[in-house]
Amino acid sequence: MCKKILYQFSLMILLSGNMYSQCDSFENRVFKNDSIKFTIVFVSPSVADPKRRVSGRYVQLNMTKECEMLLLKKDSAFWMHHLTNVKDDWATNLVLYYLYQKDATAIAYLFSTREKWLKIKRDEIRYWRQKLGRK
């Protein structure tokens with residue numbers, strides 16, 4: 001009985017450690033402007049969760065719920081570091097749009113590349129600083 005509990009506990013620690021390493025690996029890939037893979041999808045209220053009352057365009061990433069939860073726990077200093085790094089800024093902005101379900105209509109039509117997005121980068125950083133500061 002004791003061995004079984006110890007085995008289950010060890011397995012639980014091993015699996016949670018594996019989850020963190022998978023998310024660390026994911027972070028290393030996702031926070032790179034040249035390698036982020038995303039789509040912008042249209043979501044209507046009938047398809048979206050019941051809390052969403054309006055339709056819109058949203059960033060879609062291939063991210064596990066575990067990684068989402070770990071990223072949502074990051075502090076604003078983490079996000080500001082990545083938003084101000086020229087190798088990570090565009091990708092980080094897209095991750096934040098995904099995590100916080102910010103409408104991405106402007107990105108879809110006007111700022112679909114990093115080069116175009118640089119025109120509003122300062123405004124985006126200001127928005128995220130304010131939003132994440134209240135977290």
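The values are calculated or read from the model by the stated rules, or taken from the named source; none is laboratory data. Not measured: the values here are computed from a predicted model. All Cβ positions, even for glycine, are placed from backbone atoms using ideal geometry, and neighbour counts span all protein chains on display.
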Here are the criteria: (1) at pLDDT below 90; (2) surrounded by fewer than 17 Cβ atoms within 10 Å (Cβ to Cβ). Tell me which single one Phe26 does not satisfy. (2)
So which pairs qualify, if the first residue must be in segment 60-86 and under 26 Å from Ala108 (Cα atoms) and assigned to a helix (DSSP H, G or I), the second must be among the basic types (Lys, Arg) and modelled with pLDDT of 95 or more, the Cβ gap must be under 6 Å, and the two must be at least 6 apart or on different chains? none
Per the filter on segment 53-75, residues among the aliphatic types (A, V, I, L, M) and either at pLDDT below 90 or out of contact with any strand residue (DSSP E or B) (no Cβ under 7 Å at 6 or more places or on another chain) (or both) are Val54, Leu61, Met63, Met69, Leu70, Leu71, Leu72
So Ile125 passes all but one of these: (1) crowded, with 17+ Cβ neighbours inside 10 Å; (2) at pLDDT below 95. Which condition number does it fail? (2)
Can you tell me which condition Asn93 does not meet? The list is (1) surrounded by fewer than 18 Cβ atoms within 10 Å (Cβ to Cβ); (2) polar (S, T, N, Q); (3) on the phi < 0 side of the Ramachandran plot, and all the others hold. (1)
Could you say which residue among Leu99, Leu110 is free of Cβ contacts under 8 Å to residues at least 60 places away in the same chain and under 18 Å from Lys32 (Cα atoms)? Leu99
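For segment 94-135, what are the residues that are in contact with a Gly (Cβ under 8 Å, 6 or more places away or on another chain) and not in a helix (DSSP H, G or I)? First the steps, then the outcome.
The initial filter retains those residues of segment 94-135 that are in contact with a Gly (Cβ under 8 Å, 6 or more places away or on another chain), namely 103-105.
Of everything in segment 94-135, those that are in contact with a Gly (Cβ under 8 Å, 6 or more places away or on another chain) and not in a helix (DSSP H, G or I) turn out to be Asp103, Ala104.
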